Structure formats: structure tokens, C-alpha cells
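The values are calculated or read from the model by the stated rules, or taken from the named source; none is laboratory data. Computed from a prediction, not measured in an experiment: that's the story for all the values here. Neighbour counts are summed over all protein chains in view; Cβ atoms, including those assigned to glycine, are modelled from backbone coordinates with ideal geometry. To get the accessible areas, we keep the full protein, side chains included, count just its heavy atoms, and leave off ligands, DNA and RNA. Shrake-Rupley method; radii C 1.70, N 1.55, O 1.52, S 1.80 Å.
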Amino acid sequence: MTLDEENVRANFGLGKLYVVTGEKEKAADVFSKLARQYNVLEPENKHFFNELGIELRGLGLFEQALAFYKKALTLAPDDENLLFNIARAAYEGGDKAGAEEYLLAALTLNPNFSAALKLKDSL
């Protein structure tokens, strides 16, 4: 099975429309279905899943963002930027313990990661 990026983007756009119109439950449903539906774990999809996570985090949908980030993490477990993105979404979603766990993992890979060090100081 290949990732139909156009279809994913269309459904993602529908979810974003629901957010804009204040229908967060419908948006969450769309994003949850997307996260479950696309199990195409190929390395080239890492950036796509990360991008979706970034957009969801920006919309304040932290659980859905984490689902996409973690999907990307299965493709690149040693990506300190992805680990940082997960930590940030966890932190912004109120999960400080989860944030700390992923920050430590990011900092283990790159002890001089300035954004991660700043977030760690915020904890």
C-alpha cells in the first residue's frame, strides 16, 4: 500500500475546516481516522507525518499531533528534531512527564540542541 498524499491532504484540509468552524470533535475524528488509516511506514513518509503533527500542534490538537509524530518516530527513532517536536506537543498538551522523557532522548542524541535546552529549562 502506498501513501496517497493527495487524499491525506484533502482529509487533513477537511479536519482543519472543522477546527476553523469550531467543530473540534469532528476535526478530532477526522485526524484520528487519518492517524489510524495510514500505516505506510516507509522512510520517505517521515517528513510528511512530522509536517501533519506540526500543523495539528499549531491547531492545539496535541493528542492527534502526537499520533502523527509517533508514527514518524517509528521511521526515524534517532531524529532529535522529531523527539523535540513530541516533547513540545506533550508539554503544550499538559504532559510534563512525557515532555521530559522525549526531551531527554533528544538531548541524549544532541546535548547542544538549544531549543530542547530552552524547553527543558521551562520544565
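What FRET efficiency, computed as 1/(1 + (r/R0)^6) with R0 = 25 Å and r the Cβ-Cβ distance, is obtained for residue 51 and residue 114, rounded to the nearest 0.05?
0.70
Place a point 7 Å from Cα of residue 24 in the direction of its Cβ. Which residues in segment 78-105 have their backbone N less than 17 Å from it? Correct set: 89-95. Cα-based radius of gyration for the chain, normalised by 2.2 N^0.38 Å, reads 1.06. Rounded to the nearest 500, the helix-only mean residue ellipticity at 222 nm of the chain stands at -24000 deg cm²/dmol, with each DSSP H run of n ≥ 4 adding -39,500 (n - 2.57). Here segment 43-99 and segment 12-28 have alpha carbon centers that stand 19 Å from each other. Maximal additional length on extending the residue 121-residue 104 stretch stands at 4.9 nm, based on 0.36 nm per residue less the C-alpha distance. Rounded, prolate or oblate for segment 74-121? Axes are the square roots of the Cα gyration tensor eigenvalues, ordered a ≥ b ≥ c, and the cut-off for rounded is a/c under 1.5. Oblate shape, in that a/c is at least 1.5 and b/c is the bigger or equal ratio. Solvent exposure of residue 46, expressed as accessible area, is near 40 Å², computed with a probe of 1.4 Å over the protein chains only.
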